[in-house]
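So that we are looking at the same thing, I have put the structure below in structure tokens.
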Amino acid sequence: MGVISKLDAINHMLLMAGESMVSDLENQSGLDTEVCEDVLQRVVVDFQSRGLANNKYNKKFTLTSAGEISLGNGIISAELISNHTNSDGYAIIGVGRSTLDTGVNSPSVLFNATDQTTTWAKDTEFTVEIITQIAWHEMDTPVQRAIVASAARQYQIIMQGDMHSDKYLNELEVMYTVKAKAADTDDKRRTIFGSGTPKLRDIHRRSSFYNDPSRFRYWRTNNG
């Protein structure tokens, strides 16, 4: 959870643009705060789309009969990460697709981009990597701080356009973004050997199979 409230985030954005702060987002909500909230939400989606420790997970689906794989609501993105091929031998690419045009609140299903269908085979285990939208207070404080720094810079450019302030805010954005990534990497318990996509991890682990000395015991070491 994060300790920075949305009101604190909005007031920081207003302050960095040289504007007056507000005591709440309801009764004193005006054009400035509405713009702040819109900019903040766009940056939130951008950060969450990268996949955080508490909004990115893998889920397995096995259907008892051929049909759709429902992913639920609030899905930012989804990707089929288990390996499957169709009847023609082509690799199946699966991605999340909204069923209604209502943004992330729309229910989503897994779409077979290779065969252009939402119908999946039965009795087959499909593993899907899901990134879902989470509320502001559910994000960790370092991530919140990085989002606020980025949103404050964007808001200042939109409303004031001061290049000197932008340079200062850019330095803050870089610093807090690095801290947020470090904190999120620590939460994920990742190392340089365990990070990356599943395909990259498979490439790294291939040495345990291919470097088997018994497979090369009959190789000659000379030209004779």
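The values are calculated or read from the model by the stated rules, or taken from the named source; none is laboratory data. What you see is a predicted model; the values in this text were computed from it and never measured. Here the Cβ is made from the backbone with ideal geometry for all residues, glycine too, and neighbour counts use every protein chain on show.
If we keep just the residues of the range 144-192 that are among the β-branched types (V, I, T) and free of Cβ contacts under 8 Å to residues at least 60 places away in the same chain, which is farthest from D8 (Cα to Cα)? Reasoning before the result, please.
At the first step, the residues of the range 144-192 found to be among the β-branched types (V, I, T) are 147-148, 157-158, 174, 177-178, 185, 191-192.
Filter once more, keeping what is free of Cβ contacts under 8 Å to residues at least 60 places away in the same chain: 157, 174, 177-178, 185, 191-192.
Numbers: I157: 20, V174: 20, T177: 18, V178: 21, T185: 25, T191: 34, I192: 35 Å.
Residue satisfying both the conditions and the ranking: I192.
Could you say which residue among I157, I134 is among the hydrophobic types (A, V, I, L, M, F, W, C), part of a loop (DSSP other than H, G, I, E, B), closer than 21 Å to D46 by Cα and at pLDDT below 95?
I134
If I ask for residues that are at positive phi and either surrounded by 17 or more Cβ atoms within 10 Å (Cβ to Cβ) or hydroxyl-bearing (S, T, Y) (or both), which ones from the range 11-50 would you list?
none
Residue by residue, here is whether (1) hydrophobic (A, V, I, L, M, F, W, C); (2) under 20 Å from K181 (Cα atoms) holds:
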| residue | (1), (2) |
| --- | --- |
| M1 | yes, yes |
| N11 | no, no |
| L25 | yes, no |
| T33 | no, no |
| E37 | no, no |
| D46 | no, yes |
| K56 | no, yes |
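Considering each of V148, V143, V128 in turn, give the residue that is out of contact with any Cys (no Cβ under 7 Å at 6 or more places or on another chain), of a type in the set (A, V, I, L, M, F, W, C) and over 15 Å from K6 (Cβ atoms).
Details: V148 fails: over 15 Å from K6 (Cβ atoms); V143 fails: over 15 Å from K6 (Cβ atoms).
One residue alone meets the criteria, V128.
State whether one or more residues within the range 114-128 are modelled with pLDDT of 95 or more and within 16 Å of the chain's Cα centre (by Cα).
Yes.
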